[in-house]
Each structure stands twice: as C-alpha cells, then as structure tokens.
1. Quick one: would you say W78 is touching a residue at least 12 places away in the same chain (Cβ under 8 Å), over 14 Å from I115 (Cα atoms) and in contact with a strand residue (DSSP E or B) (Cβ under 7 Å, 6 or more places away or on another chain)?
2. If a residue has to be within 16 Å of R49 (Cβ to Cβ) and not basic (K, R) to count, how many in segment 65-89 make the cut?
3. Residues in segment 28-39: is at least one in contact with a Phe, Trp or Tyr (Cβ under 7 Å, 6 or more places away or on another chain) and of a type in the set (F, W, Y)?
4. Name the pairs whose Cβ atoms lie under 9 Å apart, with the first residue in segment 3-14 and open to solvent by less than 20 Å² (accessible area, probe 1.4 Å), the second in a helix (DSSP H, G or I), and 6 or more positions between them or separate chains?
5. Of all residues in segment 107-125, count the ones that are more than 20 Å from L29 (Cβ to Cβ) and in a strand (DSSP E or B).
6. Consider only pairs whose beta carbons are under 8 Å apart and that are at least six residues apart or on different chains; among these, list those whose first residue lies in segment 81-102 and is within 20 Å of A150 (Cβ to Cβ) and whose second residue is among the basic types (K, R).
7. Going by the structure shown, is Q35 among the polar types (S, T, N, Q) and open to solvent by 70 Å² or more (accessible area, probe 1.4 Å)?
8. What is the residue count in segment 53-67 for residues that are among the small types (G, A, S) and surrounded by 11 or more Cβ atoms within 10 Å (Cβ to Cβ)?
Amino acid sequence: SAYFGSVDRLTRHLHLDPLRTVKLQPGDLDVRVWQGFGIGGYRGYVIRRVRQKWSGLAVKEDAAGRRAFPKVPGAPDWEKTWAELERGGFAGIRDDSELVHCERVMDGVSYVIEIAKDNYYRTYLVANPQSQRTQDGDRFLQLLPVLLRAFGESPDPDLAPLSNGELRDVSSVTATSSPKSSSRPLTAWKWAGPVVPWDTPARSITSEEALA
C-alpha cells in the first residue's frame, strides 16, 4: 500500500481511474506497469483492450514532479505484445513479499504491476530487481524489454545468468574514512559492480566517480 500514493498520482496524470476500483467488462483487459519509487522519478506504461480495441499510454514524472507524456508509436501490435508477455509468465511473477532477500536497498528502481480483467485484479511488486537478484526478478527483467520496445524505448543490456535458486546482491557502494591530506579529508569509496560473486574484492574509485 505504501506504493499506491505514487501509483494513484501517475494514474491521475493519464486521466484514468485507479485500476483496483474499476469494473471491467467481459473481454476487456488493463495492464499497468509503474517504474520508480526511488529518487530518480517515475515512468508508467499502460496497455488496454476495451471492446476489442487495443491502445497504449505512457507517462513520466521527473524527480522534481514535472510530468510529460512520451509519444507512443503509432501502430504497435499491442495484442502480440501482451501475448508474448503472457507466454513468458508476466502475470504469475511472485510478489516481493514472497521472496527472501539478502538485505534492503536504500535506493533503487522498483516496479508495481497491475493486471485486471472482468472479475479479476492482481497487483505485485518487483523491488530493485537489478540490485537484488532473484529468479522472479530476473524473469521480470527479461520480459520488460518486450514492453519497452512496444513503447519505442531501448531496453537495458541483458543480465548475466543467475543459477537456479541463487540470490545475489550487486552494485553496492560504501565509503570509509581515510587519513587527511593537507586540510581536506579524503574518502575511500569502494564499489562492487554488476555482476560480482561474493568473493570478488571491491575496488577503489574516486569520490567524483562514485557521485557520478
């Protein structure tokens, strides 16, 4: 429920009703993917089938709250897009509350997914799948490019394989104190980038690199 304040705001931007309150007619379908929930802004993607007519909507909101509506390609095959997502198990990905994680992520990119049909509604959270690697999170990220390409966007590079049953944390940055140089204290930043096994030592980078 903590995520739905943002979801409802993005929903209003698109002049839609909250999906969990909508009663759909037989044959209708509404799929909504909300991305963000960190400090980097939000994006929303909607695929709808109303009276056998398909359509797509998109919205983005930057960290300052300014919203925009990216141009959706003129004639994507939304039916084919949804069929590909459905075949990949998009509707059956487990909610984050059902998964065991190694640790919490202080900031990142999470996804709230809503799927509704006649007399059916489901929502689930995929929390920081790039940083907290799980089988369900990886399945979602492997399907996400299907959605992004339909909206004319370029997907992120593919993830390295995750073996069955494995959990992995990646992209952690920490700072430790180091001796002063002249009058200015130095910071020793340590970075572990994607994707690293547990026994890989962290490497030092400059403060400027870490902040970038």
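The values are calculated or read from the model by the stated rules, or taken from the named source; none is laboratory data. These numbers come from a predicted model, not from an experiment. Reconstructed Cβ throughout: ideal geometry from the backbone, glycine too, with neighbour counts over all protein chains shown. Note: accessible area is taken over every heavy atom of the protein model, side chains too, but ligands, DNA and RNA are not part of it. Shrake-Rupley method; radii C 1.70, N 1.55, O 1.52, S 1.80 Å.
1. Values: touching a residue at least 12 places away in the same chain (Cβ under 8 Å): yes; over 14 Å from I115 (Cα atoms): yes; in contact with a strand residue (DSSP E or B) (Cβ under 7 Å, 6 or more places away or on another chain): yes.
It is true that W78 is touching a residue at least 12 places away in the same chain (Cβ under 8 Å), over 14 Å from I115 (Cα atoms) and in contact with a strand residue (DSSP E or B) (Cβ under 7 Å, 6 or more places away or on another chain).
2. Just the residues of segment 65-89 that are within 16 Å of R49 (Cβ to Cβ), to begin with: 72, 75-86.
Then keep just the ones that are not basic (K, R); that gives 72, 75-79, 81-86.
The number of residues fulfilling the criteria is 12.
3. yes
4. V7/L19; T11/L19
5. First, the residues of segment 107-125 that are more than 20 Å from L29 (Cβ to Cβ): 107-110, 125.
From what is left, the residues that are in a strand (DSSP E or B) are 110, 125.
Residues flagged as more than 20 Å from L29 (Cβ to Cβ) and in a strand (DSSP E or B) within segment 107-125 amount to 2.
6. Note: pairs meeting the criteria are W82/R49; G88/R139; G89/R139; A91/R122; I93/R139.
7. Details: among the polar types (S, T, N, Q): yes; open to solvent by 70 Å² or more (accessible area, probe 1.4 Å): no.
No: the conditions fail for Q35.
8. To start, the set of residues in segment 53-67 that are among the small types (G, A, S) comprises 55-56, 58, 63-65.
Then drop every residue that is not surrounded by 11 or more Cβ atoms within 10 Å (Cβ to Cβ), which leaves 55-56, 58, 63.
Within segment 53-67, residues that are among the small types (G, A, S) and surrounded by 11 or more Cβ atoms within 10 Å (Cβ to Cβ) number 4.
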